[in-house]
Amino acid sequence: MVDLLLDALLDTLKTLPFLFGAYLLMEYLEHRAGDKLTAALSRLGPWGPLGGALLGCVPQCGFSVAAANFYAGRLITPGTLLAVFLATSDEAVPILLAQPGALPDLGKLLGVKLVGAAAAGLLADLLARRFLTAPSEPPFQDLCQDCDCEHKGIFRAALTHTGKIFLFLLLVNLVLGAAISLAGEETLSRFLLSGSVFQPLLAGLVGFLPNCAASVLLTELYLEGSLSFAACVTGLCTGAGLGLATLWRANRRPKENLLLMAALYLAALLIGSLSGLLLG
C-alpha cells in the first residue's frame, strides 16, 4: 500500500509545474480575453460553428458555460453551441500537456475535435433551419455570468485550480494503481471493454458527467492504455464540463435540451469512430 501511494504521489508530482503553467494561461485567457472571444460568436452568423469549434479547443471550460447561457438567450445557434460542446476537452489538454510523450496525441485530439465539431455544428444548423421552427422570442441580455474566481487574481485562481486537479489526479492514480495491482491489467481491460466496439458507447456516457472528473478519468485511462483513441475522443466530445449543467439551468426547454444531448452523443460517436478508423 505504501508503494502504491508513493508511486501515485511521484507520478502526480511530475505534472505539477505543467498543470500550473497551463492553468495560469487559462486564467489569463478567461479574465483578459474570454468575454470578447465568447461575445464574438453572436456576430459570426452561419459560420458560428467554426468559431465555436475554435473557441472550444481553448482549454478553458468557462467557454462552454458562457455558450450555454448565450444559447439560452438565443444569441447563438444550436450548431454553434454543439460545436463548442464537442470541441471542449475540459481537463484533458493540461493533463496531456503535462506528459511530454503525449504531445502527438494532444495534436491528434485537438485536430479531430476541431474538424469534427465544426462539421457537426454546420450540419446541425443546416438541419435546424430546414426542419425546426425558429424561436420567436428576441434575444435577452441579462445572461448568467457566474464565476467563482471573479474576485481573485489570476495567480491565486491558477493555484486553486492546480491544487484541486492535483488532488483529483492523485486519487485517480491511486485508484488505477490499486485496480491494476489487485485485478491485473487483463481483467481491468476486459471490465472496461478494452478492444470492444462498444467501448466508445460507454465512454460517451461517462463524458456526460458534468464536472472535470469525466475528462480526467478518460484521459488517464487512455494514457494507461485501457481506453482506445476512438473511445477517448468520444468521451471527451460529450464531455462539455459544466456546460450541460448550465444549459439545463438556463434553458427552460427540456425537450430541446434532450434533443441537443442526443445530437451531442451521436456526433461524438461518429467523430470518435471515424478518428479511430483513420488515426487510431
*Output the number of the condition that residue 128 fails; it satisfies all remaining conditions of (1) of a type in the set (A, V, I, L, M, F, W, C); (2) surrounded by fewer than 18 Cβ atoms within 10 Å (Cβ to Cβ); (3) touching a Pro at 6+ places or on another chain (Cβ under 6 Å); (4) modelled with pLDDT of 90 or more.*
(4)
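A quick yes/no check of all residues on (1) buried (at least 20 other Cβ atoms within 10 Å of the Cβ); (2) at pLDDT 80 or above; (3) farther than 23 Å from residue 232 by Cα:
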| site | (1), (2), (3) |
| --- | --- |
| 28 | no, no, yes |
| 31 | no, no, yes |
| 36 | no, no, yes |
| 40 | no, no, yes |
| 43 | no, no, yes |
| 61 | yes, no, no |
| 72 | yes, yes, yes |
| 81 | yes, yes, no |
| 84 | yes, yes, no |
_Being surrounded by fewer than 16 Cβ atoms within 10 Å (Cβ to Cβ), of a type in the set (Val, Ile, Thr) and modelled with pLDDT of 75 or more: is that true of residue 175 here?_
yes
*asked:* Residues to consider are 278, 244, 227, 270; find the one that is in contact with a Pro (Cβ under 8 Å, 6 or more places away or on another chain) and either more than 14 Å from residue 108 (Cβ to Cβ) or surrounded by fewer than 17 Cβ atoms within 10 Å (Cβ to Cβ) (or both).
replied: 244
*Could you please find all residues in region 50-107 being under 13 Å from the mean Cα position of the chain (by Cα) and basic (Lys, Arg)?*
none
*Tell me, yes or no, whether region 253-266 has at least one residue that is without any contact (Cβ under 8 Å) to a residue 24 or more places away in the chain and part of a loop (DSSP other than H, G, I, E, B).*
yes
*Provide a single number: the residues in region 178-210 that are modelled with pLDDT of 80 or more and in contact with a helix residue (DSSP H, G or I) (Cβ under 9 Å, 6 or more places away or on another chain).*
10
*Does region 140-147 contain any residue that is modelled with pLDDT of 75 or more, surrounded by fewer than 16 Cβ atoms within 10 Å (Cβ to Cβ) and either under 28 Å from residue 16 (Cα atoms) or over 17 Å from the mean Cα position of the chain (by Cα) (or both)?*
no
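The values are calculated or read from the model by the stated rules, or taken from the named source; none is laboratory data. Since the model is a prediction, treat every value here as computed from it, not as a measurement. Here Cβ is always computed from backbone atoms with ideal geometry, including for glycine, and neighbour counts include all displayed protein chains.
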